[in-house]
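The values are calculated or read from the model by the stated rules, or taken from the named source; none is laboratory data. Fair warning: this is a prediction, and the values are worked out from it, not measured in the lab. Glycine also receives a Cβ, built like all others from the backbone with ideal geometry; neighbour counts cover every protein chain displayed. Surface accessibility is based on the protein's heavy atoms, side chains included, excluding ligands, DNA and RNA. Shrake-Rupley method; radii C 1.70, N 1.55, O 1.52, S 1.80 Å.
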Amino acid sequence: MGPAGIAAGGKHVLESFKEALSGTGITASLKENCSSHQVGCLGLCARDVLVEIHQGGTKTVYQYVKADMVRRIVDEHLVGGTPVKEWLVDGAYDAFYKKQVKVVLSDVGRIDPEEISAYEAVGGYEAAKEVLHSWYPEEVIEEIKMSGIRGRGGAGFPTGLKWELGRKAPGETKYIVCNADEGDPGAFMDRAVIEGNAHAVIEGMIIGAYALCAHHGYVYIRAEYPLAVERLKRAISQATAKGYLGKKIFGCDFDLEIKIKLGAGAFVCGEETALIASIEGQRGQPRAKPPFPVNKGLWQKPTVINNVETLANIPYIIRRGCAWYASYGTEKSRGTKVFALTGKIKNPGLIEVPMGITLREIIEDIGGGIENGKQLKAVQTGGPSGGCIPANKLDLNVDYESLAKAGSIVGSGGMIVLDEDDCMVNVAKYFVQFTQSESCGKCVPCRVGTKRLLETLERICKGHGRSNDIERLEKLSAGIKATSLCGLGQTAPNPILSTIRYFRDEFEAHIRDKKCPAKVCKGLLTYSISEKKCKACGACLRACPSGAITGEKKTPHKIDQAKCIKCGSCFEVCKFGSVERN
Amino acid sequence: MNDTLDKIVADYRDNGGNVISLLQETQEAFGYIPREAVDYFSAQLGIAPSRFYGVATFYSQFRLNPTGKNKIIACCGTACHVRGAERILSGIKRELSLAEEEETTQDKEFTVEKVACLGFCSFAPVVLINGEVHGKTNADPILKEIRKLKNK
């Protein structure tokens, strides 16, 4: 039951199962064998609510389950022993999971995220226990270094090296911070990990704190994620009650307390120094580095900041060994990565794949290809800091180096699939709009530069593009990248640069021909009604908010171009395809 | 009101002077950050009001005006954007006669908020109406829902 599952009515389904199981007069012995419990995100969000039924060694999965279907599933399957065939998942379900490798997500969707015993039953907290009892901190750091894991928040800094720097930083008081300020639009990996298995994040923090010799931890999490916050709070109090957090944890001479800090909504707070300012209660504005947080961070003390996914990987690496982890992925990008696969794809959802897998495998095999038989145009990765990979580069390997070479980044894990109906200039404008409004305003290149970029793109989309606009965008972008204070500004031009690189013709069509090939940009479109096709049903006339459409019964309707605000309402409601956009 | 504010001031002193936590508590109590509250904090703690406003206006979570009775949240994350979130949002604003920058209707019946991402990406485009998720939607059903609320 991830966010999508809850949105699709997961809670009602769970309640219905509880009710149906207790109310059918099923014998006591069956009752004991039957338990319904909630789990985190199962991944294939598009088919929510998914219900897995485990009997003996076999698993049956139902898709699109609604509360009113539960009674029949219980009666026919659980009581009668015959699954309800027409509601079972189809072949796409197996295909969705076949090429995935689950490490971080291995227990997400398998265990009840609100019970510490469920995590312990699958080996949870054993890694932390073992490390604290019989490893030297240096050994932990060496193990993490050998695993090759790099920061999963986007920048890809080697985690083991970061811990080593933190360990060596002089100072009595040190902090470990979990960065759960997932701000990329179109990304929900960290939320899914916390909601599905918050204990793994805490265990990762315990191991990290021990390696650094830090006795204070913070989780900086968005207030917009109420369920994740709740589950994290519950997990911390359960771990404290068990003696895994607090004084002398696991009976060793080591103290660790973890506090939760709620973010207040600012994308820039994903940047380390801004995040630190925000935990301290100030405006989340970044500062110049060095000094790096690892030497002077929270309250001027050495601070190591790791992303949620990175930390949640740690217990699994310790438990199964660095060699096992490093066996996945490529030479420089080891292990697996979680992506939120969304956009114009048949099977959107949460996926975990080995680094180095090709984009084609992700889009075609796991995602099932493009929906509605449309053509793939590009894949956007890395959100507002990333770029677009065009359809002809589908055989690109997904790892830090290959994506960077192609002008994008792995980023935190948003992967948005775009088809022929998407306008690349509009997509670039969308991301610049986002970074411009999220710019903290401290440094001029980012504050003013992103504003000028946005104005230029808006002009182009309105049909007022000038012949040298592409060069202006490129020049300004280079300046912003080179001179901005933090990562937000340094990467803000990436969506523009990568779309110019691969879709220059679309920019030129907007600027020179005043046309939007994908028919998205309002300012470049005119709506008209085909006399031949119009059935004079009046649907568009009623839908038009500006009274631009006139017509009587049995006479084709007309659009008054002077009154038309180009909202597209008529286009959406017409069932006969008689409204044309050009 | 003063009892609540006193408690918030006491909490502020206890937790080492964190302005964000103070504002979060204030918003939880009143639904927004009232001007009187800031004046009160300023007088009690000897901190200039600009410090509070500086933090409050920096973060998108804080609002300086009360919200309307019905709350509509339109997700404009990337997945929703490519599936027509803009059209839905502008449709909602037109229906409620809100200018582009306005969020709350004059009769205080509706507040329309645009957010960067709700994380329901596989149900894009998504609109929350009073906490209820409407996914894989378009302008038509959303406007119908709003008209229903209007007539209540």
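List the helices (runs of 4 or more DSSP H) that sit entirely inside the stretch A:121-203 and contain at least 1 residues that are at pLDDT 95 or above, in contact with a helix residue (DSSP H, G or I) (Cβ under 6 Å, 6 or more places away or on another chain) and closer than 30 Å to A:Gly284 by Cα.
Details: elements: A:126-134, A:137-147, A:159-168.
Correct list: A:159-168.
Residue pairs whose Cβ atoms lie under 6 Å apart, sitting 6 or more positions apart in sequence or on different chains, and linking a residue in the stretch A:185-202 that is farther than 14 Å from A:Gly270 by Cα and among the aliphatic types (A, V, I, L, M) to a partner that is open to solvent by 10 Å² or more (accessible area, probe 1.4 Å) and at pLDDT 90 or above, do not occur here. Starting from residues that are closer than 17 Å to A:Asp419 by Cα and within 11 Å of chain B (Cβ to nearest Cβ), keep the ones in the stretch A:347-366 and report whichever is farthest from the chain's Cα centre (by Cα). Looking at residues that are closer than 17 Å to A:Asp419 by Cα and within 11 Å of chain B (Cβ to nearest Cβ), I get A:Asn347.
Can you tell which of B:Phe58, B:Phe62, B:Phe123 is within 11 Å of chain A (Cβ to nearest Cβ), without any contact (Cβ under 8 Å) to a residue 12 or more places away in the chain, surrounded by 17 or more Cβ atoms within 10 Å (Cβ to Cβ) and not acidic (Asp, Glu)? Just one listed residue meets the conditions, B:Phe58. Among residues of the stretch B:87-99 that are under 17 Å from B:Lys150 (Cα atoms), those with a beta-carbon under 8 Å from a residue that is in a helix (DSSP H, G or I) and open to solvent by 40 Å² or more (accessible area, probe 1.4 Å) at least six positions away or on a different chain give the pairs B:Glu95/B:Arg147. Residue pairs whose Cβ atoms lie under 8 Å apart, sitting 6 or more positions apart in sequence or on different chains, and linking a residue in the stretch A:315-341 that is within 14 Å of chain B (Cβ to nearest Cβ) to a partner that is surrounded by fewer than 23 Cβ atoms within 10 Å (Cβ to Cβ) and in a helix (DSSP H, G or I), are A:Phe339/A:Ile362; A:Leu341/A:Ile362. Does B:Arg87 meet the test of being open to solvent by 60 Å² or more (accessible area, probe 1.4 Å), facing chain A (nearest Cβ under 10 Å) and part of a helix (DSSP H, G or I)? Criteria met by B:Arg87. The residue that is farthest from the other protein chains (Cβ to nearest Cβ), counting only those in the stretch A:182-220 that are farther than 24 Å from B:Pro125 by Cα and open to solvent by 10 Å² or more (accessible area, probe 1.4 Å), is A:Tyr210.
Only one of the numbered conditions (1) in a strand (DSSP E or B); (2) under 30 Å from B:Val82 (Cβ atoms) is not met by A:Cys269, and that is (1).
Residue under question is B:Cys80, and the condition is that it be within 15 Å of the chain's Cα centre (by Cα) and more than 8 Å from every other protein chain (Cβ to nearest Cβ); does it hold? Criteria not met by B:Cys80.
For the stretch B:42-55, a tally of residues being in a helix (DSSP H, G or I), in contact with a helix residue (DSSP H, G or I) (Cβ under 8 Å, 6 or more places away or on another chain) and within 14 Å of chain A (Cβ to nearest Cβ) returns 5. Looking only at residues of the stretch B:31-41 that are surrounded by 16 or more Cβ atoms within 10 Å (Cβ to Cβ) and not in a loop (DSSP other than H, G, I, E, B), we find that the one that is nearest to the other protein chains (Cβ to nearest Cβ) is B:Phe41.
Residues of the stretch A:390-441 that are assigned to a helix (DSSP H, G or I), under 18 Å from A:Ala266 (Cα atoms) and either open to solvent by less than 50 Å² (accessible area, probe 1.4 Å) or in contact (Cβ under 8 Å) with a residue 40 or more places away in the chain (or both): A:Tyr430, A:Phe431, A:Val432, A:Phe434, A:Thr435, A:Gln436, A:Glu438. Taking residues in the stretch A:558-582 that are away from every other protein chain (no Cβ under 12 Å), and partners anywhere that are open to solvent by 50 Å² or more (accessible area, probe 1.4 Å) and part of a strand (DSSP E or B), the pairs with Cβ atoms closer than 6 Å and at least 6 places apart or on different chains are A:Lys558/A:Thr550.
Annotation note: Cβ proximity below 7 Å between a residue of the stretch A:530-544 that is in the same structural domain as A:Phe576 (by TED's automatic domain parsing) and among the acidic types (Asp, Glu) and a residue that is surrounded by fewer than 16 Cβ atoms within 10 Å (Cβ to Cβ) and part of a loop (DSSP other than H, G, I, E, B) (sequence gap 6+ or interchain) occurs for A:Glu531/A:Pro556.
Considering only the stretch B:58-81, state which residues are part of a loop (DSSP other than H, G, I, E, B), out of contact with any strand residue (DSSP E or B) (no Cβ under 6 Å at 6 or more places or on another chain) and closer than 23 Å to A:Lys519 by Cα. Steps first, please.
Kept after step one, since they are part of a loop (DSSP other than H, G, I, E, B), are these residues of the stretch B:58-81: B:59-69, B:76-77.
Going one step further and asking which of them are out of contact with any strand residue (DSSP E or B) (no Cβ under 6 Å at 6 or more places or on another chain), we end up with B:59-66, B:69, B:77.
The one that is part of a loop (DSSP other than H, G, I, E, B), out of contact with any strand residue (DSSP E or B) (no Cβ under 6 Å at 6 or more places or on another chain) and closer than 23 Å to A:Lys519 by Cα: B:Gly77.
Suppose the filter is in contact (Cβ under 8 Å) with a residue 24 or more places away in the chain, away from chain A (no Cβ under 11 Å) and open to solvent by 60 Å² or more (accessible area, probe 1.4 Å); does B:Asn130 pass it? For B:Asn130, the condition - in contact (Cβ under 8 Å) with a residue 24 or more places away in the chain, away from chain A (no Cβ under 11 Å) and open to solvent by 60 Å² or more (accessible area, probe 1.4 Å) - is met.
Summed over the stretch A:264-295, residues that are within 13 Å of chain B (Cβ to nearest Cβ) and of a type in the set (D, E, K, R) total 2.
Filtering A:Ala228, A:Ala239, A:Ala223 for residues that are touching an Asp or Glu at 6+ places or on another chain (Cβ under 9 Å), more than 13 Å from A:Val177 (Cβ to Cβ) and within 14 Å of another protein chain (Cβ to nearest Cβ) leaves a single hit, A:Ala228. In this entry, B:Asp3 is excluded by the filter for residues that are of a type in the set (Asp, Glu) and touching a Pro at 6+ places or on another chain (Cβ under 7 Å).
Here the stretch B:67-77 is the region considered, the condition is being buried (at least 17 other Cβ atoms within 10 Å of the Cβ) and away from every other protein chain (no Cβ under 11 Å), and the residue that is farthest from B:Phe123 (Cα to Cα) is B:Gly68. Across the stretch B:90-100, the number of residues qualifying as more than 18 Å from the chain's Cα centre (by Cα) and buried (at least 16 other Cβ atoms within 10 Å of the Cβ) comes to 3.
Residues to consider are A:Ala518, A:Ala548, A:Ala543; find the one that is within 14 Å of another protein chain (Cβ to nearest Cβ), of a type outside the set (Val, Ile, Thr), closer than 28 Å to A:Gln375 by Cβ and touching a helix residue (DSSP H, G or I) at 6+ places or on another chain (Cβ under 9 Å).
Details: A:Ala548 fails: closer than 28 Å to A:Gln375 by Cβ; A:Ala543 fails: closer than 28 Å to A:Gln375 by Cβ.
One residue alone meets the criteria, A:Ala518.
Please go through the stretch A:442-492 and pick out each residue that is touching a residue at least 60 places away in the same chain (Cβ under 8 Å) and of a type outside the set (A, V, I, L, M). Talk me through it step by step, then tell me what you get.
First, the residues of the stretch A:442-492 that are touching a residue at least 60 places away in the same chain (Cβ under 8 Å): A:442, A:461-463, A:485-488, A:491-492.
Across the stretch A:442-492, the qualifying residues are A:Lys442, A:Cys461, A:Lys462, A:Gly463, A:Cys486, A:Gly487, A:Thr491.
Here is the figure for the stretch B:101-120: residues that are over 24 Å from A:Pro384 (Cα atoms) and either assigned to a loop (DSSP other than H, G, I, E, B) or open to solvent by 40 Å² or more (accessible area, probe 1.4 Å) (or both) total 7.
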